[in-house]
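Take a look at the structure set out below.
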Amino acid sequence: MAININSVYKAVLVVLQQEKRGVLTPVEFNKIAAQAQQEIYTSYFDELNLVLRMPQTSLAYADRMAILDEKIQIFKRNEPKTTALVGGFPTTTLSNVNELGSVIYLAGGAVAGREVQRIQEQDVYTVNESPLTKPTAFYPVYTYEANVLTFYPATLPVGANIRVNFLAYPVDPIWGFDIQANLGNYIYNAQNSTDFEIHQSDQPLLVDKILGYAGVMTRDQLALSLSVQKEQQINADNQK
C-alpha cells in the first residue's frame, strides 16, 4: 500500500517544469514531503470524527468508515515488549507512538494474557494505599509518561512479557540519491530511500499538497481558496 516516493517526486518535477517554477531539490522535497504526509495522516482522524456523527451506509465500496479504517490500519501496531527494572519498578520504553491502545500482560507466558489498567501518575499513591484498588501481580496497573510504561506493583517479575497495541506516526519519507560524477545530476537511489506510508489512494492529494508548498496552486487549490475567501467575506458582511 505504500506510495513510491520516486513516482511522487517525478510527478512534482513535471508540473514544476510545466509551470516554469524551477527545480525542487531532493533536500527541499524531503522536507515538504514529510510535512504533506503528516497533514494527510492527521486528516484521517479529523475525517473519522466527522464520519462517526453521520449516518452510515452498508453498501460495498461506499462505507466511509471501512475506507478510513483501511487507511488507518496501516499504522496499527501490536508489538511484544519486555520490562526492565528502573527506579525500583518494571518499565518498558515505547517509541513513535501517536496513540496508545491496550497493554496486555502475559503472566507466566500465558498466550492470551490480560489487559492492564492505565492510571494517571498523580493517582499512583492513592491506588497503592487502598486495599481495594492496590495492584497485584494478577491485576497490575501502569502509568504512561514520556513514552515510558511503568508497571505496578514493584513485585512484578523483571523481563515480563508485555504486548502493546498503539497507533504509530508515519515514518518521514526520504528520496535517496547519488550525485552523478560528470554532470552533477541527482540519481535516485532506492536503497537509501523511504516510501510514503499513507494509503495509495491519497497519492493525488499528496502530490497536490507538495505542489502547494512548492508555490504551485492547482485548480482544486484555487477553487478552495476562493471559496474560503468568499465565506469569510459573507461572515464579515453579516457582522456589520
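The values are calculated or read from the model by the stated rules, or taken from the named source; none is laboratory data. This one's a predicted model, so the numbers in the text were calculated from it and none came from an experiment. Please note: Cβ atoms are built from the backbone with ideal geometry, for glycine as well, and neighbour counts cover all protein chains shown. Ligands, DNA and RNA are stripped out before the accessible areas are found, and what is left, the full protein with its side chains, is counted by its heavy atoms. Shrake-Rupley method; radii C 1.70, N 1.55, O 1.52, S 1.80 Å.
Within the option set Phe138, Phe89, being at pLDDT 90 or above and farther than 21 Å from Leu167 by Cβ holds for one residue only, Phe89.
May I ask you to list pairs of residues, at least six apart or on different chains, whose Cβ atoms are under 7 Å apart, with the first in the range 146-157 being free of Cβ contacts under 8 Å to residues at least 40 places away in the same chain and the second being open to solvent by less than 20 Å² (accessible area, probe 1.4 Å) and assigned to a loop (DSSP other than H, G, I, E, B)? Between residues of the range 146-157 that are free of Cβ contacts under 8 Å to residues at least 40 places away in the same chain and residues that are open to solvent by less than 20 Å² (accessible area, probe 1.4 Å) and assigned to a loop (DSSP other than H, G, I, E, B), the close pairs are Pro153/Pro135; Pro153/Pro140.
Counting only helices (runs of 4 or more DSSP H) wholly contained in the range 1-94, the ones carrying 1 or more residues that are out of contact with any Gly (no Cβ under 7 Å at 6 or more places or on another chain), of a type in the set (D, E, K, R) and more than 21 Å from Pro173 (Cβ to Cβ) occupy 26-52, 64-72. Out of Pro204, Pro131, one residue alone is of a type outside the set (A, V, I, L, M), within 30 Å of Val27 (Cβ to Cβ) and either free of Cβ contacts under 8 Å to residues at least 12 places away in the same chain or in a helix (DSSP H, G or I) (or both). It is Pro204. Each residue in the range 112-146 was checked for being open to solvent by 70 Å² or more (accessible area, probe 1.4 Å), closer than 20 Å to Asn78 by Cα and of a type in the set (A, V, I, L, M), and 2 pass.
For the structure I just gave you, tell me whether Asn161 is surrounded by 11 or more Cβ atoms within 10 Å (Cβ to Cβ) and either among the hydroxyl-bearing types (Ser, Thr, Tyr) or in contact with an Asp or Glu (Cβ under 9 Å, 6 or more places away or on another chain) (or both). When the stated conditions are applied, Asn161 does not pass them. Set side by side, the residues Leu149, Leu156 differ, and just one is aliphatic (A, V, I, L, M), open to solvent by less than 20 Å² (accessible area, probe 1.4 Å) and either assigned to a loop (DSSP other than H, G, I, E, B) or on the phi > 0 side of the Ramachandran plot (or both), which is Leu156.
Might you let me know whether the range 172-195 holds any residue that is assigned to a loop (DSSP other than H, G, I, E, B), closer than 17 Å to Thr92 by Cα and touching a residue at least 24 places away in the same chain (Cβ under 8 Å)? Checked the range 172-195: no residue is assigned to a loop (DSSP other than H, G, I, E, B), closer than 17 Å to Thr92 by Cα and touching a residue at least 24 places away in the same chain (Cβ under 8 Å). All of Asp178, Asp195 fail the test of being open to solvent by 70 Å² or more (accessible area, probe 1.4 Å), under 25 Å from Thr25 (Cβ atoms) and not small (Gly, Ala, Ser), apart from Asp178. Report, by residue number, each residue of the range 159-197 that is aliphatic (A, V, I, L, M) and out of contact with any helix residue (DSSP H, G or I) (no Cβ under 8 Å at 6 or more places or on another chain). Answer for the range 159-197, where residues must be aliphatic (A, V, I, L, M) and out of contact with any helix residue (DSSP H, G or I) (no Cβ under 8 Å at 6 or more places or on another chain): Ile162, Val164, Val171, Ile179, Ala181, Leu183, Ile187. Report, by residue number, each residue of the range 111-148 that is touching a helix residue (DSSP H, G or I) at 6+ places or on another chain (Cβ under 6 Å), of a type in the set (S, T, N, Q) and within 22 Å of Ala168 (Cα to Cα). Selection gives Thr143 alone. Taking the conditions (1) within 17 Å of Glu197 (Cβ to Cβ); (2) at pLDDT below 90 in turn, Met65 satisfies each one other than (1).
Scan the range 13-55 for residues that are on the phi > 0 side of the Ramachandran plot and either open to solvent by 90 Å² or more (accessible area, probe 1.4 Å) or of a type in the set (A, V, I, L, M, F, W, C) (or both) and the total you get is 1.
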